Amino acid sequence: MASEASPYRLLGTRIPYIEGPLKVSGRAEYTDDLTRPNLLVGRLLRSPWPHARLRSIDVSAARKMPGVAAVLTGEKYPTTFGVLPITHDETALAVGKTRYIGDILAAVAASDELSAERALAAIQVDAEVLPEYSDPHVGLGAVAEPIHSRGLNGSNIQKEVHQHFGDVDAAFAEAAHTVRVRGTFAGVTHAFTEPLVTMAEATPDGRLTVWSATQVPHYLHRALSEVLGIPLHRIRVLKPEVGGGFGGKSDPLPHEIVCAALALETGRPVKMLLDREDVFLTNHGRHPTQNDLRVAADAEGHLLAYDLSAVIDGGAWSSFGTVTTYYNGVLAMGPYRVPNFRYHGRRVYTTKPPSGAMRAHGGTNVRYTIETALDELAEKLGMSPFELRMKNALPPNSTTITQFRITSTSFLACLKAARERSGFDEKFRKLPYGRGIGLGCGFYISGSNSPIHFTPKMPQCTVHLKADMDGGIAVHCMQADIGQGSNTLLAAIVAEVLGVQLERVHVVPVDSDVSPVDIGSYSSRVTFMMGNAARQASERLLALLLAAAHELTGYPAKQLRVREERYEVAHRPEVGVSYLEALHKAMEHSGALQASGAYTSPPMGGTHKGARAGTAPAYSFAAYVAEASVDAETGFFAVEKVWAAFDCGRPLNRLAVEGQIEGSIHMGLGQFMGESMNYRGSRLLNPSLLEYKIPTPQQMPEVEVLLVGADDPEGPFGAKEAGEGPLVAILPAVGNALYDAVGVRFYDLPVTPDKVWKGIERRRAEGTPWKGT
């Protein structure tokens with residue numbers, strides 16, 4: 001296990017979040033905390049039909065009501081948009097059809113909430129009800145009324161992927177052992193604390209300003225321009241503090257565009273705060289999925305092939321769906337060597353709230369299926385689950401069959417640490433009935449290698465620095481801190497390189513007028529890409545300071561070393577200058593010092609269709625062990641402890657990394673233990689935090705975090721991601737622990753006590769005892 005000792009002054013230590021004092025004192029400003037003079041309230045009228053053709057929407061009575069400033073319907077802004085340029089199929093308000101219960105039909109801006117709600121009630125909608133498609137399997141073939149005209153061959157298929165590497169059929173023909181697993185997964189949503197909220201103001205100078213709780217200010221900027229028909233330079237996007245996102249704020253969302261449209265229509269500022277039901281209906285959460293997997297291995301346990309297929313419920317819109325469809329396949333490729341691989345994935349439109357990106361996007365469901373199958377395979381082989389994983393681990397500096405470039409990996413170290421710290425060998429199949437221990441592993445991308453937008457060609461992240469006579473350093477970057485601590489890391493990197501105290505560095509809130517483009521907080525890209533850009537910018541600013549120190553000391557810059565608030569001669573430390581002295585000297589030539597840094601990931605990937613999906617400059621690796629207890633009479637179970645061994649390269653802020661791992665485990669346990677978007681047909685039955693079952697603090701186990709990664713050669717100071725990858729391993733670790741406890745496999749998530757009890761009773765009825773019971 002890696003030592004907490006760090007060769008750096010700040011990086012690698014435990015750095016409290018720089019915005020922490022503002023948050024704990026209630027002084028941090030979120031979008032709903034903001035106001036403007038003459039602010040109007042925005043409200044949305046949502047569809048009661050899962051699928052209908054709109055004959056007319058009569059808003060005449062609503063427009064005449066007291067306090068109403070504007071009423072909008074879809075015909076004024078029919079331009080489609082979406083997070084992926086290749087699948088623009090969303091509209092801000094419904095145009096021609098409504099495609100799910102909750103689709104936005106009309107919007108109102110009024111002087112107060114009551115007036116807005118009364119206006120919504122006065123709107124008359126005439127619609128022809130169309131066939132409902134709540135089951136994605138029904139939409140695999142031709143349907144009477146496709147949800148979207150772009151569905152493949154008259155079906156509701158949004159995206160279909162076929163990939164085949166090697167010879168899967170030959171591998172299965174030669175296999176000594178095979179395992180087949182079907183995993184089914186309910187949809188889950190992000191359940192972030194801060195609801196979706198946007199404020200917009202159109203001013204007489206022809207500019208539009210939008211404040212929004214978003215993970216992707218740049219993508220929102222683009223979507224506003226496209227749909228509203230306003231040049232980018234006349235739109236200003238600001239991101240205040242964001243109270244969690246987890247992927248649910250990584251699309252430009254309809255309410256953001258509608259709010260801006262109402263501001264344009266009225267000439268007054270408008271705020272739109274969605275209630276929790278609205279947030280559930282906006283969704284863009286994890287896709288309901290059915291995965292079918294076959295695994296082939298030889299007699300010694302070497303993996304020979306995966307044969308994987310998936311039906312993915314996309315809901316009403318494309319969102320990130322094309323990426324999801326690829327990820328559900330290609331992210332099966334680690335952390336093991338798999339020489340033959342076949343995948344058939346289909347993402348299907350349904351008349352339900354849209355699915356999208358959620359923490360560990362595309363990798364969570366398939367990882368559960370794989371890790372469950374590998375545990376079954378190990379049992380067939382009479383082999384320890386650890387030995388099977390170790391035998392098949394991807395080595396460093398290797399390439400997968402799908403052409404993923406693996407640089408650093410400490411996966412074997414993860415396995416070793418989790419095995420030893422948990423006492424796995426002493427407990428596995430040896431604990432009393434009702435107690436069990438299980439292993440789950442994973443890997444994830446450190447940022448997508450391929451940007452979503454290819455024009456104009458530009459870096460994936462840019463950081464600007466400005467140091468002025470007061471000694472403060474302003475940092476500008478459009479990366480979105482959504483609570484994960486990226487502002488703190490950005491400031492710490494700058495302070496580390498320049499040798500200054502952290503308090504000198506001020507990260508300027510995201511503002512598209514002054515922040516250089518970063519494409520957003522998603523795909524676990526921020527640490528790697530922002531970190532490298534920030535390091536480059538800081539090194540360029542340091543070069544200016546060292547040049548000034550050379551003028552003051554007479555020693556060349558290469559003989560100077562950086563100390564805290566001081567630059568001194570390496571072999572004569574008594575000779576040196578302070579940071580402020582060097583700064584003021586450098587300013588004699590140019591005034592305030594400025595420097596810029598950028599990051600673009602190197603070319604990688606194959607030439608096959610979809611080759612860019614899943615490619616990343618680095619990957620994280622994980623091995624988790626969970627210990628669980630089960631009450632066989634009721635089916636209730638508890639996860640007692642988790643040993644989480646994780647390879648994020650060098651952890652630059654241990655406090656943040658440990659928090660991300662613990663938070664990921666909580667979120668993964670939610671999906672495993674009870675979180676589920678429940679439907680009757682297309683109607684969501686539990687759109688509130690009362691009925692949507694997030695684990696309570698009492699259900700959270702003790703977590704021992706084991707950070708074991710070696711430095712990544714391309715990551716900033718050796719770092720890789722730690723925001724999403726920590727989630728995927730916990731689900732199979734618990735599933736495999738329950739099997740060890742009571743001898744029942746669970747393939748259908750979430751795993752609720754009734755399912756556990758039924759599994760135990762089924763095994764008893766079959767007369768197959770487990771651990772003597």
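The values are calculated or read from the model by the stated rules, or taken from the named source; none is laboratory data. Source: prediction; values computed, not measured. Every residue, glycine among them, receives a Cβ derived from its backbone with ideal geometry; neighbour counts consider all protein chains shown. Surface areas here come from the heavy atoms of the whole protein model, side chains and all, with no ligands, DNA or RNA. Shrake-Rupley method; radii C 1.70, N 1.55, O 1.52, S 1.80 Å.
Being more than 29 Å from Gly709 (Cα to Cα) and open to solvent by 10 Å² or more (accessible area, probe 1.4 Å) is true for just one of Ala613, Ala638. Which residue is that?
Ala638
What do you reckon, is Thr402 touching a helix residue (DSSP H, G or I) at 6+ places or on another chain (Cβ under 8 Å) and open to solvent by less than 10 Å² (accessible area, probe 1.4 Å)?
yes
In this structure, does Thr607 turn out to be open to solvent by 10 Å² or more (accessible area, probe 1.4 Å), of a type in the set (S, T, N, Q) and closer than 24 Å to Phe404 by Cβ?
yes
Of everything in the range 147-187, what is without any contact (Cβ under 8 Å) to a residue 12 or more places away in the chain and either within 30 Å of Glu675 (Cα to Cα) or hydroxyl-bearing (Ser, Thr, Tyr) (or both)? Give them in sequence order.
Scanning the range 147-187 gives a single hit, Ser149.
Inside the range 674-690, can you point out the residues that are part of a loop (DSSP other than H, G, I, E, B) and hydrophobic (A, V, I, L, M, F, W, C)?
Met677, Leu685, Leu689, Leu690
Hey, can you tell me all the residues within the range 512-530 that are in contact with a strand residue (DSSP E or B) (Cβ under 6 Å, 6 or more places away or on another chain), of a type outside the set (S, T, N, Q) and open to solvent by less than 20 Å² (accessible area, probe 1.4 Å)?
If the condition is that a residue be in contact with a strand residue (DSSP E or B) (Cβ under 6 Å, 6 or more places away or on another chain), of a type outside the set (S, T, N, Q) and open to solvent by less than 20 Å² (accessible area, probe 1.4 Å), then Pro516, Asp518, Met529, Met530 are the ones that fit.
Kindly provide the set of residues from the range 220-246 that are surrounded by fewer than 24 Cβ atoms within 10 Å (Cβ to Cβ) and under 17 Å from Ser523 (Cα atoms), ordered by number.
Correct list: Gly244 only.
Is the range 376-399 home to any residue that is under 23 Å from the mean Cα position of the chain (by Cα) and either within 24 Å of Leu749 (Cβ to Cβ) or not aromatic (Phe, Trp, Tyr) (or both)?
No - not one qualifying residue is present in the range 376-399.
Filter the range 711-762 down to the residues that are within 24 Å of the chain's Cα centre (by Cα) and closer than 22 Å to Ser422 by Cα and list them by number.
Hits for the range 711-762 are Ala722, Gly725, Pro726, Leu727, Val728, Ala729, Ile730, Leu731, Pro732, Ala733, Val734, Gly735.
Would you point out the residue of the range 537-572, among those that are in contact with a Ser or Thr (Cβ under 8 Å, 6 or more places away or on another chain) and assigned to a helix (DSSP H, G or I), that is most open to solvent (accessible area, probe 1.4 Å)?
It comes out as Arg540.
One line per residue, one yes/no per condition, for (1) touching a helix residue (DSSP H, G or I) at 6+ places or on another chain (Cβ under 6 Å); (2) open to solvent by 30 Å² or more (accessible area, probe 1.4 Å); (3) of a type outside the set (Lys, Arg):
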site: Gly20; (1), (2), (3): no, no, yes
site: Leu39; (1), (2), (3): no, yes, yes
site: Gly42; (1), (2), (3): yes, no, yes
site: Ala62; (1), (2), (3): yes, no, yes
site: Ala70; (1), (2), (3): yes, no, yes
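For the range 251-268, what are the residues that are closer than 19 Å to Asp103 by Cα and assigned to a loop (DSSP other than H, G, I, E, B)?
Within the range 251-268, Asp251, Pro252, Leu253 meet the criteria.
Could you check the range 606-630 and list, in sequence order, the residues that are part of a loop (DSSP other than H, G, I, E, B) and over 22 Å from the mean Cα position of the chain (by Cα)?
Across the range 606-630, the qualifying residues are Gly606, Thr607, His608, Lys609.
Here are Met478, Met469, Met458: which of them is in contact with a Leu (Cβ under 8 Å, 6 or more places away or on another chain) and of a type outside the set (Asp, Glu)?
That would be Met469, the only listed residue that is in contact with a Leu (Cβ under 8 Å, 6 or more places away or on another chain) and of a type outside the set (Asp, Glu).
Give all pairs with beta carbons closer than 6 Å in which a residue from the range 263-282 that is under 13 Å from Ala107 (Cα atoms) meets a residue that is polar (S, T, N, Q) and open to solvent by less than 60 Å² (accessible area, probe 1.4 Å); count only pairs at least 6 apart in sequence or on separate chains.
Met272/Thr198
Could you check, for the range 742-763, whether at least one of its residues is open to solvent by 60 Å² or more (accessible area, probe 1.4 Å), at pLDDT 95 or above and either assigned by TED's automatic domain parsing to the domain that holds Asp103 or among the hydrophobic types (A, V, I, L, M, F, W, C) (or both)?
yes
Looking at the range 697-713, which of its residues are within 20 Å of Leu412 (Cα to Cα) and not in a strand (DSSP E or B)?
Listed by number, the residues that qualify are Val708, Gly709, Ala710, Asp711, Asp712, Pro713.
Out of all the residues in the range 193-219, which are polar (S, T, N, Q), surrounded by 24 or more Cβ atoms within 10 Å (Cβ to Cβ) and touching a strand residue (DSSP E or B) at 6+ places or on another chain (Cβ under 7 Å)?
Thr198, Ser212, Thr214
Looking at this structure, is Phe424 open to solvent by less than 40 Å² (accessible area, probe 1.4 Å), within 16 Å of Pro617 (Cβ to Cβ) and in the same structural domain as Gly442 (by TED's automatic domain parsing)?
Spelling it out, it is not the case that Phe424 is open to solvent by less than 40 Å² (accessible area, probe 1.4 Å), within 16 Å of Pro617 (Cβ to Cβ) and in the same structural domain as Gly442 (by TED's automatic domain parsing).
Taking the conditions exactly as written (within 23 Å of the chain's Cα centre (by Cα), open to solvent by 40 Å² or more (accessible area, probe 1.4 Å) and under 26 Å from Gly247 (Cα atoms)), does Pro509 satisfy them or not?
yes
Among residues belonging to the range 631-648 that are of a type in the set (Val, Ile, Thr) and not in a loop (DSSP other than H, G, I, E, B), point out the one that is nearest to the chain's Cα centre (by Cα).
Val642
Please work out if Gly26 is under 36 Å from the mean Cα position of the chain (by Cα) and farther than 20 Å from Ala121 by Cβ.
Spelling it out, Gly26 is indeed under 36 Å from the mean Cα position of the chain (by Cα) and farther than 20 Å from Ala121 by Cβ.
Does any residue of the range 681-698 turn out to be touching a residue at least 24 places away in the same chain (Cβ under 8 Å), farther than 21 Å from Arg359 by Cβ, under 28 Å from the mean Cα position of the chain (by Cα) and crowded, with 23+ Cβ neighbours inside 10 Å?
The answer is no; no qualifying residue exists.
Name the residue, out of Arg99, Arg14, that is under 27 Å from the mean Cα position of the chain (by Cα), open to solvent by 10 Å² or more (accessible area, probe 1.4 Å) and outside the structural domain of Leu120 (by TED's automatic domain parsing).
Step by step, each of Arg99, Arg14 is checked, and only Arg14 is under 27 Å from the mean Cα position of the chain (by Cα), open to solvent by 10 Å² or more (accessible area, probe 1.4 Å) and outside the structural domain of Leu120 (by TED's automatic domain parsing).
Does Ala263 qualify as being in contact with a strand residue (DSSP E or B) (Cβ under 6 Å, 6 or more places away or on another chain), of a type in the set (Gly, Ala, Ser) and surrounded by 23 or more Cβ atoms within 10 Å (Cβ to Cβ)?
yes
If you check Gly141, Gly82, which single one turns out to be open to solvent by less than 50 Å² (accessible area, probe 1.4 Å), under 30 Å from the mean Cα position of the chain (by Cα) and either within 23 Å of Gly187 (Cα to Cα) or not assigned by TED's automatic domain parsing to the domain that holds Pro50 (or both)?
From the options Gly141, Gly82, the qualifying one is Gly82.
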